[in-house]
Amino acid sequence: MFKKLRQKLFAKSFSKKEKLSDQIYGDVKRELFSDISGIVLEIGPGTGSNFFYYPSGISWVGIEPNVFMNKFLKEKINGRNDIKSEIKIGSAENIDLPDSSVDFIVSTLVLCSVKDVNKVLAEIKRILKPGGKFIFIEHVVAPKKTFLHFFQNILTPFFKITADNCHLNRDILSYIKNNFNEVEYNEFIPKYKLGFLTPHIIGYAKK
Ligand SMILES: C[S@@+](CC[C@H](N)C(=O)[O-])C[C@H]1O[C@@H](n2cnc3c(N)ncnc32)[C@H](O)[C@@H]1O
């Protein structure tokens, strides 16, 4: 019961942050998403903020566990008649899609919250076509022995409860590097100060 209430509040608060999200990530998303084509899977699309940046003509499937995101997500989908879309309710740890069936997989600010990062990355690898790209924008743990790292460890239990299982202290880059053969990334320095939600990595991986 409390989980549902937390998910509902999280969906509502996230829907109010789309303008801010565009100011922070808009430019990098436009560039990173510009070569997306074909069949696209997005894990954890949330309120659908990435629909502002997808190119026309793609076939999009989103897998999202929080049903309270659906209302906002459907609004975005309805605003893009040039994209064929399907929402799957579920978790990226178990994705109901065949092996090697998807051209691009997108994850923005999701791997901090999933229950099992390795399981999600194994699913992404299984579903990606050879030569396909896993595109990511994620906030990651700060370097060891910094104040930021120290406070990320202290605050993670609080964020897990209030921000839908968000771990400030996940070494997401190491998880990605351990699971994929080719990883291209940059550290992203947002225009706005995001406090404990820094640093970020943006890039792509291939299997
Ligand atoms: C911080 S929000 C980001 C939403 C969106 N990707 C964006 O960038 O605006 C994290 C999203 O990941 C979803 N999520 C959490 N655990 C998940 C899982 N195991 N599989 C798929 N999505 C998950 C949450 O429900 C939420 O919609």
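Considering only alpha-carbon pairs that sit under 8 angstrom and 6 or more positions apart, the relative contact order computed for the stretch 2-206 is 18 percent.
Bridging of residue 119 to aspartates and glutamates at a Cα separation below 18 Å is possible for 42, 64, 93, 96, 99, 138, 171, once same-chain residues fewer than 8 apart are set aside.
Legend: residues 123, 31, 42, sorted from most to least accessible area (1.4 Å probe; ligands, DNA and RNA excluded), read 31, 123, 42.
Roughly speaking, what is the stretch gain from residue 56 to residue 154, that is 0.36 nm per residue apart minus the C-alpha to C-alpha distance, in nm to one decimal?
Values: separation 98, 0.36 × 98 = 35.28 nm, distance 4.30 nm.
That pair, residue 56 and residue 154, stretches by 31.0 nm at full extension.
Counting only protein heavy atoms and a 1.4 Å probe, the chain has 52 square angstrom of accessible area per residue.
Separation of the alpha carbons by more than 27 angstrom is noted, of 4/144; 12/115; 3/29, for 4/144; 3/29.
For the pair residue 194 and residue 129, label points projected 7 Å from Cα toward Cβ lie 3.0 nm apart. From helices alone, the chain scores -11000 deg cm²/dmol at 222 nm; the rule is -39500 (n - 2.57) for each run of n ≥ 4 DSSP H residues, then divide by the residue total.
Between residue 4 and residue 146, 0.36 nm times their residue separation minus their Cα-Cα distance comes to what?
Working: separation 142, 0.36 × 142 = 51.12 nm, distance 3.53 nm.
Net length gain for the segment: 47.6 nm.
When both bridge partners sit in the chain, DSSP labels roughly 40% of those beta bridges antiparallel. For the pair residue 31 and residue 97, the difference between a 0.36 nm per residue extended length and the Cα-Cα distance amounts to 21.0 nm. For the chain, a simple Cβ point-charge model (Lys and Arg +1, Asp and Glu -1, everything else neutral) yields a dipole of about 720 debye relative to the Cα centre. The stretch 131-207 and the stretch 48-94 have Cα centres lying 23 Å from one another. Projecting label points 7 angstrom from Cα along Cα→Cβ for residue 115 and residue 81 puts them 4.1 nm apart.
The values are calculated or read from the model by the stated rules, or taken from the named source; none is laboratory data. Nothing here was measured: the structure is a model prediction, and the numbers come from that model. No Cβ is skipped: glycine too gets one built from the backbone with ideal geometry, and neighbour counts run over all protein chains shown. The accessibility values were calculated without ligands, DNA or RNA, using every heavy atom of the protein model including side chains. Shrake-Rupley method; radii C 1.70, N 1.55, O 1.52, S 1.80 Å.
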